[in-house]
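To start, the structure itself, in structure tokens.
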Amino acid sequence: MKSPILLFLLVSISWHSIAQSRQGYFPPRGEWQQKAPKTIGLDPIKLDSAIAFAIQNETKAPRDMELAQAISFGKEPFSAGIGPFSERGAPTGIIVYKGYIVKTWGEPDRVDMTHSVTKSFLNAVIGVAVDKGLIHSVNDTVARYVPPIEVYGQGDLIYPFATAHNRSLTWDVMLRQTSDWEGSLWGKPDWADRPEGNYSEWQKRPRHAPGSVWKYNDVRVNALALAATCVWRQPLPQVLKAQIMDPIGASNTWRWYGYRNSWIVLDGAPVQAVSGGGHWGGGIFINAYDMARFGLLTLHRGNWNGQQLLSEQWVKQALTPTPANTGYGYMNWFLNTDRKMLPSAPASAFVHVGNGSNLIYVDPEHDLVVVMRWIEYKAMDEMVKRVLSAF
């Protein structure tokens with residue numbers, strides 16, 4: 001048995017060698033070359049079989065996203081939606097090989113909620129802030145970057161990183177979802193998101209040491225998004241557009257929403273603090289083509305046609321396993337290092353995942369990006385297996 005550290009090093013070396021040897025085609029804005037699978041060495045019949053499987057395994061959740069949210073989270077305390085929802089489309093996807101589109105299905109132009117894939121976009125704007133020196137180090141405490149914040153229309157000040165525990169939290173533990181941040185934000189207490197154990201302990205339990213326990217929690221992600229807004233001193237959708245989405249040639253149809261009550265005063269103007277997912281509505285609404293472009297960016301270690309939008313160092317950190325959950329890097333980079341998430345995929349593959357299921361499968365070993373939308377979570381591995389059988 002190889003140790004997790006040795007296995008990670010071997011995967012990293014392999015990943016880097018693959019990336020270094022790849023030239024790659026990058027689609028310009030407004031167009032994307034398509035190639036017949038057979039012309040670039042793929043089996044079209046097996047790809048068609050994979051697509052049929054994805055369509056047959058459409059998620060059983062309702063297409064009404066507000067109803068789906070109520071079914072998934074309605075039993076949680078403070079579960080009411082406070083951001084926009086939408087009616088989703090049919091099962092949809094795109095297969096990109098060597099940068100070229102080889103197959104699409106469903107409604108790839110349709111703008112739909114992408115739920116927690118939003119977290120990977122949040123990770124990107126924080127990564128750019130680190131690369132530009134707006135955040136000196138991910139090991140800095142977040143508190144030193146966040147002043148008192150005025151809630152728009154209320155005149156009240158909030159201090160999201162002022163408690164003794166929260167003052168100790170670094171950007172790194174927030175990105176890895178190991179912070180155990182405490183408090184309430186936008187009317188949602190941290191303990192109300194996916195509560196565990198006895199309800200009598202939710203509000204009074206001792207806090208875990210930062211980095212020691214992994215917990216998926218959207219209240220804490222929203223606190224991170226608010227902190228990033230303070231760092232950039234502008235709305236995060238504008239940052240994402242200028243720093244990532246425009247350079248990769250994304251469409252002008254994606255949107256990033258927050259909540260009805262998540263408005264703050266920033267430099268004298270009202271600004272909406274956006275959310276990190278669709279747990280209570282909001283998050284990024286986007287089409288499959290734009291998701292695929294983002295996946296292609298992460299496949300190339302943050303480089304887009306020679307322009308380094310995210311530093312290789314940032315991508316390396318995002319792909320470094322979190323000690324408390326080795327299947328997770330930075331949000332929302334789910335890793336396959338131990339091949340538990342996707343046994344049929346290479347250890348170097350990773351996935352940006354959101355509820356729905358929405359996912360961007362990124363496979364450096366095969367020079368492959370696959371966007372899958374509205375597929376049953378348990379069907380993901382079989383779908384990947386079927387796609388890879390076409391190679």
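Note on the chain: dipole from Cβ charges, positive end direction compared against A162, I45, N198; the farthest Cα belongs to I45.
Net charge of the neighbourhood of K46, taken over other residues with C-beta under 15 Å away and scored Lys/Arg +1, Asp/Glu -1, is +1.
A full extension of the chain between V265 and E196 corresponds to an added length of 21.4 nm, given 0.36 nm per residue minus the alpha carbon distance. Rounded, prolate or oblate for the range 70-203? Axes are the square roots of the Cα gyration tensor eigenvalues, ordered a ≥ b ≥ c, and the cut-off for rounded is a/c under 1.5. Taking the square roots of the gyration eigenvalues as a ≥ b ≥ c, the range 70-203 is oblate. Accessible surface for the chain, divided over its residues, is 41 Å² per residue with a 1.4 Å probe.
Restriction of the GluC sites (Glu not before Pro) in the range 20-96 to DSSP coil positions whose beta-carbon has at most 12 other beta-carbons within 10 angstrom yields E31.
Peptides 306-315, 289-298, 275-284 ranked from most to least packed by the mean count of surrounding Cβ atoms within 10 Å: 275-284, 289-298, 306-315.
Pairs exceeding 21 Å between alpha-carbon atoms, taken from K60/K98; K340/K385; K103/K241; K132/K316; K60/K340; K98/K132: K60/K98; K103/K241; K60/K340; K98/K132.
About its Cα centre, the chain has a charge dipole of approximately 520 debye under the convention of +1 per Lys or Arg Cβ and -1 per Asp or Glu Cβ, with nothing else charged. Expressed as a whole number of Å, what is the distance separating the alpha-carbon centroids of the range 279-345 and the range 148-192? Spelled out, the Cα-based centre of one part sits 25 Å from the other.
Can you find, among H136, G81, A61, the residue sitting farthest towards the positive end of the charge dipole of the range 60-165, where Lys and Arg contribute +1 and Asp and Glu -1 at Cβ? The residue sitting farthest along the positive end of the dipole is A61.
The values are calculated or read from the model by the stated rules, or taken from the named source; none is laboratory data. The shown structure was predicted, so the numbers you read here are calculated from the model rather than taken from an experiment. We place every Cβ from the backbone using ideal geometry, glycine too, and count neighbours over all the protein chains shown. Heads up: the accessible areas ignore ligands, DNA and RNA and are worked out on the full protein's heavy atoms, side chains in. Shrake-Rupley method; radii C 1.70, N 1.55, O 1.52, S 1.80 Å.
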